[in-house]
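Provided herewith is a single structure, encoded as structure tokens, for subsequent inquiry.
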Amino acid sequence: MKIVRSIRRMQILCREIASKGRKIGLVPTMGFLHEGHLSLIGRAGRLSDFVITSIFVNPTQFSADEDLAGYPRDEKKDIRDIETAGGHIVFIPKTSAIYPEDYQTFVTVEKITESLEGAFRPTHFRGVTTIVTKLFNITRPDVAVFGMKDYQQAMVIKKMIRDLDYPVRLVIAPTVREKDGLAMSSRNSYFTPAQRKEAVCLYRALETARTMVIKDGVGNVAVLQRKMKNVIKSICPTAEIDYIAFTEFETLRPVQKVSRKHVCSLAVRVHGVRLIDNMKML
Ligand code: PAF
């Protein structure tokens, strides 16, 4: 497996790969990989000839009060895990190369970045779409694999690919969960064992909503939200809920009456760690 740190070198390598008619798969990450990431690499491997995994903790998607400096990192382990998962190239650019001094160009997707995460993290998606654009331009992937765990991010990138005519096939891979249902996330490493047990509250609330929708035919958003809040508070009394939303899958438009085609997403602070999760009401 190759480790590439230079943007120029990465561009040259990708042009060489493409010129031989081989398909490039891209898995963008911020490192500190878990099984969820490795499943994305596996998926990219089945859909392309060359899997590039990028590791870049992207400063522009963090706001001043977020955990950029403390974001967990373990480059050596990440490289080992990517190789085991079948990756061919790891791209680890320097922050100063991606965003040189006096950097001024950003990519913004409008409406669908304004709700849910965007309402609480107003500059977040601008940072995500900017770095993903740069990674697309550097690697020119045929396929890019993102996780459903970051549901709104996946829909924003889908919109960006369409709006900017990127010839990239977007694949959204299912969320990988711990045994108790907690969605895998690099941020789970912040919890003490006792706190970690309470982090399951998001999954339990989602499962409760799903059962109410599909088994009991409940479609009323307020009723579902109330029940979900109770479930969250019963597991983690100190939890702070940012939002619980029911939306159309692709447009993220809020729905009045929930049915099986809709998605529930939520963001909750559990002992100071902001977790997000989502589930189709299928
Ligand atoms: O999902 C992530 O880890 C990041 O938002 C991404 C897509 C790698 C961009 O920095």
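Looking only at the range 149-187, filter to residues that are farther than 21 Å from Glu250 by Cα and among the basic types (Lys, Arg); which one of those is surrounded by the fewest Cβ atoms within 10 Å (Cβ to Cβ)?
Lys179
Go through the range 24-54 and give me each residue that's open to solvent by 60 Å² or more (accessible area, probe 1.4 Å) and in contact with a Phe, Trp or Tyr (Cβ under 7 Å, 6 or more places away or on another chain).
none
Taking Arg126, is it open to solvent by 50 Å² or more (accessible area, probe 1.4 Å), touching a helix residue (DSSP H, G or I) at 6+ places or on another chain (Cβ under 9 Å) and either within 15 Å of the ligand (Cβ to nearest atom) or touching a residue at least 40 places away in the same chain (Cβ under 8 Å) (or both)?
Answer is yes for this residue.
Now, a different point. Find the residue count for the range 200-243, including only residues that are over 23 Å from Thr175 (Cα atoms) and either at pLDDT below 95 or open to solvent by less than 40 Å² (accessible area, probe 1.4 Å) (or both).
Number of matching residues: 3.
Which condition number in (1) over 23 Å from Arg22 (Cβ atoms); (2) modelled with pLDDT of 95 or more is the one that Thr139 fails?
(1)
Could you tell me which numbered condition His88 fails, if it satisfies all but one of (1) open to solvent by 30 Å² or more (accessible area, probe 1.4 Å); (2) without any contact (Cβ under 8 Å) to a residue 60 or more places away in the chain; (3) in contact with a helix residue (DSSP H, G or I) (Cβ under 9 Å, 6 or more places away or on another chain); (4) away from the ligand (no atom under 13 Å from the Cβ)?
(2)
Here is a further query. For the range 131-148, which residues satisfy the criterion of being part of a helix (DSSP H, G or I) and either within 28 Å of Val255 (Cβ to Cβ) or out of contact with any helix residue (DSSP H, G or I) (no Cβ under 6 Å at 6 or more places or on another chain) (or both)?
Restricting attention to the range 131-148, the residues satisfying the condition of being part of a helix (DSSP H, G or I) are 131-139, 148.
Answer for the range 131-148, where residues must be part of a helix (DSSP H, G or I) and either within 28 Å of Val255 (Cβ to Cβ) or out of contact with any helix residue (DSSP H, G or I) (no Cβ under 6 Å at 6 or more places or on another chain) (or both): Ile131, Val132, Thr133, Lys134, Leu135, Phe136, Asn137, Met148.
A follow-up question, please. Which of the residues belonging to the range 4-40 are over 23 Å from Asp78 (Cα atoms) and either within 14 Å of the ligand (Cβ to nearest atom) or assigned to a helix (DSSP H, G or I) (or both)?
Of everything in the range 4-40, those that are over 23 Å from Asp78 (Cα atoms) and either within 14 Å of the ligand (Cβ to nearest atom) or assigned to a helix (DSSP H, G or I) (or both) turn out to be Ile12, Arg15, Glu16, Ile17, Ala18, Ser19.
The values are calculated or read from the model by the stated rules, or taken from the named source; none is laboratory data. What you see is a predicted model, and the numbers here were worked out from it, not measured in a lab. Glycine gets a Cβ as well: all are built from the backbone with ideal geometry, and neighbour counts include every protein chain shown. Accessible surface areas use protein heavy atoms only, side chains included; no ligands, DNA or RNA. Shrake-Rupley method; radii C 1.70, N 1.55, O 1.52, S 1.80 Å.
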